[in-house]
Structures are given as C-alpha cells and as structure tokens.
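The values are calculated or read from the model by the stated rules, or taken from the named source; none is laboratory data. Note that the structure is predicted; figures quoted are calculated from it, not measured. No Cβ is skipped: glycine too gets one built from the backbone with ideal geometry, and neighbour counts run over all protein chains shown. Areas reflect the complete protein model, heavy atoms only, side chains present, ligands, DNA and RNA absent. Shrake-Rupley method; radii C 1.70, N 1.55, O 1.52, S 1.80 Å.
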Amino acid sequence: MSAAFAVIVDREDDIATVRAIRALAAREPGVLAVSIVPGVRSETEVIWAILRALGKRIDQLTNNKVWWFDAERWLTAHRINEIAVLCAQHLDEHMIDELTAHVCRRLGVPVALIYGRSTRRAAAAAAVTNLGDYLARKRDPPPGGDQAAPWPAVPRSHPLRFRYDCWRELGAEQFARVERSLFGCMTMLGGWCRSSEPSRLPEIERAFRVLIEADDSELAYIRRCGVELALITHQVPALPAAPLSLRPHPVTAREIDALHAHTNPARAGYELAKLITGLPDELLALIGYEQITDDAILGCAVPQAARPILRAIEERHEPVLDIPWPDAADPGENPVERNIAIEEPPAGERDFATALGSLLRGRSVRVPCRELPRPVRLRFEALSDRRDS
C-alpha cells in the first residue's frame, strides 16, 4: 500500500493558509492538520506532532517514548485518510522520508507538505500543488472499516460436552476461536472461585453476570458454558442468569476529549468503559475483547466521537483494558484500599537478613565482624555454638 504526497508553497507565509487548512480539517473528518514547530530535531517530535493533532497529551503518556507504531495505530483508529503538514520547512529530508515510509507507504494515507516559504527542497520534492486546487479537491468519506466476523452457530450442549460437540461440528479455525473464548471465561471466573467463601458468593455472582454478557447470542452461549465449567470445577452452586445491572451516564464532549488524551489505547478503553458501564474496577477487569464491539461495551452504546478508542484496542483475549487492579483472576482486596499498614521488620532483623543474604551468595564471601552491629554478631555466634554442639 502506498500513497504519494503533494507540496504546497505559501510564498507569503500567510496566516490565512493555516486557517484554510484548519477549516478543511474541521469540516472533513478524514483530514488531519499537523503543525510542525521550529527546531524539530527528532522523529519523536514528528510523531508527537501527529498525536497532538489527534488530541493526545504528554501528561497522559504511558511509556517514556512514543513510536511510529503509536501514530499508525491511532491514525487508523481515527480513520484518517489524508494529512496536511503545516510549516513543513522545519522538517529535514530524513524526517520527510520517515513520514513518507510510515504514513504514505504503510498506511496508504496521502500527505500534503505545506511550506511557509519557497525553498529549493520544496521545489525538488514533488510537483508543487496550488493551494486553491488542494482545498477544492473532492474527498471521499473515511472508510467504514472491516466488520467483525460473525460467531459460528454452536451446539446447545451441556457445558461438560460443549467442547467435544464443537470439535465435531465446527471447522478448525472456528473451533479454535470458540475454544479461546471458552477457556478464557473459564480461567477468569476460576480465579474468583479459588478464593471463594460463602460470604463472597455475591461477588462471584456479579462476576458471573459480567462474563456471560455479549451482544451475539452464539458468543453469549460460549461464554456461559465457560463460566459454568468454572463453577462445576470449583464445586460452586449454579448461579441464576440475572441480567447485569449497569449504571451508565451520558458522556460529555469534555470527557471524550479527556479520553482521547491517552496515548495507551488500553488505558483510554478502561476510562471509557468505566464511564459507559459504571462498573467497579474488579468487574471491568473481566471484560474481554469479544464483548467490545464497534459501537458498544457490554451492550452499552458508545458515542460516535469516542468510538476510535474501541477501534484502537488491540485484539487480545483477557483482559483488554488497562485496569488499576492487581490481577483480574485474583480479586482479593487491595491492602492499600483497606488502609492496612505493612509492618516494617525491626532494624536488627533487617541487618541480620542483609548479612545472611551476603553470606549465602557463595563460599568466598566474607562479612567482617567489626562492621556488624552487636545484636547481629550475637546471633551469628549463637548459630556457631549450635553447629559446634
């Protein structure tokens, strides 16, 4: 896949050109206006210019650095099919080559370089396009994207026989897909059942309701068989299939802007799911990729402006959201949330453990006695007396 890029030279370096390009991006959802600031010296700054134009913020950066992969993923998720680069005179040839390689060739997205003044490099880069012709060009709407493959019709067998019947009746690819979902749900609820007590049965029941939720009836039956297998395996009584009670609230434009500020799609997906469903973290951690469609999470509709986040989430099995929870399969209480202070060992115990750890590293290690506190020396002497006796 490849796409060419055009060059536009604004000989007057007029602010009106910038306004015209931004107006074009405002009325055409598939056009992205990217501003390059003076003094750009690295590819990271070019990538940040793209992410900044998409609404990402440096204060929501998950890792220490952004990569072209981040820009490509978010450009695809936002369905950008054209990029206009303002102040392109601040890019050197290497950065233009990288921009062409990752955006034009890999994504097939055409790029227009708008130079703020006439330069020799601009004239040699490509055929210069007139600004008026560029603005008046007829543009296609953003692509709709590929639809997810429908789930195969599965036999309505008992959970203990379900996998065997699927193996007999489905093709290899369909069976592998069903098996991943089946065992994924079984593993997730199994983590709750392992730590089950009679008093925690209501929590297991709430997790059960989340895991069996699905828009597709075939997927719902697959997931239900998986969680019922977990109940049978851990000898938990059968649970009623009561509907999941969600408490969503309308998402405002300001909240959507805050969601788009995240560079990590899984983190943005978590914040979106929390707003849309109203579920607590320990239940959000159970949501699988299959339960997130192009326009909804657990059947709760997602506003059009926030749907690029759904498209940006990677297709992994369990879990898919970046939850601030220790482990979705181990729903024990967080000691920090319970305000339980972790007791520090006494200073003497810490010194003894440090000295003992040093000695255990090898036969050649020596710990001078004069460097040890008196209580630690006495403990080592007691160990020596026991060995001699």
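Structural remarks
- Selection within region 279-304: residues that are in a strand (DSSP E or B) and within 23 Å of Thr187 (Cα to Cα). The member of this set that is most open to solvent (accessible area, probe 1.4 Å) is Ile292.
- Residue in region 109-134 that is modelled with the highest pLDDT, counting only those that are open to solvent by 50 Å² or more (accessible area, probe 1.4 Å) and not in a loop (DSSP other than H, G, I, E, B): Asp133
- Sole residue being in contact (Cβ under 8 Å) with a residue 40 or more places away in the chain, in contact with a Ser or Thr (Cβ under 9 Å, 6 or more places away or on another chain) and not acidic (Asp, Glu), chosen from Gly299, Gly269: Gly299
- Taken over region 166-184, the criterion of being part of a helix (DSSP H, G or I), at pLDDT 90 or above and surrounded by 14 or more Cβ atoms within 10 Å (Cβ to Cβ) is satisfied by Cys166, Glu169, Gln174, Phe175, Arg177, Val178, Glu179, Arg180, Ser181, Leu182, Phe183.
- Condition broken by Thr187, with the remaining ones in (1) crowded, with 18+ Cβ neighbours inside 10 Å; (2) in contact (Cβ under 8 Å) with a residue 60 or more places away in the chain; (3) not in a loop (DSSP other than H, G, I, E, B) satisfied: (1)
- The residues of region 58-87 that are in a helix (DSSP H, G or I) and out of contact with any Pro (no Cβ under 6 Å at 6 or more places or on another chain), listed by number, are Ile58, Asp59, Gln60, Trp68, Phe69, Asp70, Ala71, Glu72, Arg73, Trp74, Leu75, Thr76.
- Options Glu98, Glu82, Glu93; residue that is under 29 Å from Ile15 (Cα atoms) and either in contact (Cβ under 8 Å) with a residue 60 or more places away in the chain or more than 26 Å from the chain's Cα centre (by Cα) (or both): Glu93
- Checked against (1) touching a helix residue (DSSP H, G or I) at 6+ places or on another chain (Cβ under 7 Å); (2) open to solvent by 40 Å² or more (accessible area, probe 1.4 Å), Tyr270 passes all but a single condition, namely (2).
- Output for region 136-162, where each listed residue is open to solvent by 80 Å² or more (accessible area, probe 1.4 Å), farther than 30 Å from Val111 by Cα and either in a loop (DSSP other than H, G, I, E, B) or without any contact (Cβ under 8 Å) to a residue 60 or more places away in the chain (or both): Pro150, Arg156, His158, Arg161
- Members of region 88-108 that are closer than 18 Å to Pro142 by Cβ and either among the β-branched types (Val, Ile, Thr) or open to solvent by less than 50 Å² (accessible area, probe 1.4 Å) (or both): Val103, Cys104, Leu107, Gly108
- Of everything listed in (1) open to solvent by 50 Å² or more (accessible area, probe 1.4 Å); (2) assigned to a loop (DSSP other than H, G, I, E, B); (3) at pLDDT 90 or above, the single unmet condition for Pro243 is (3).
- Of the criteria (1) more than 27 Å from Ile50 (Cβ to Cβ); (2) modelled with pLDDT of 90 or more, which one Arg307 fails: (1)
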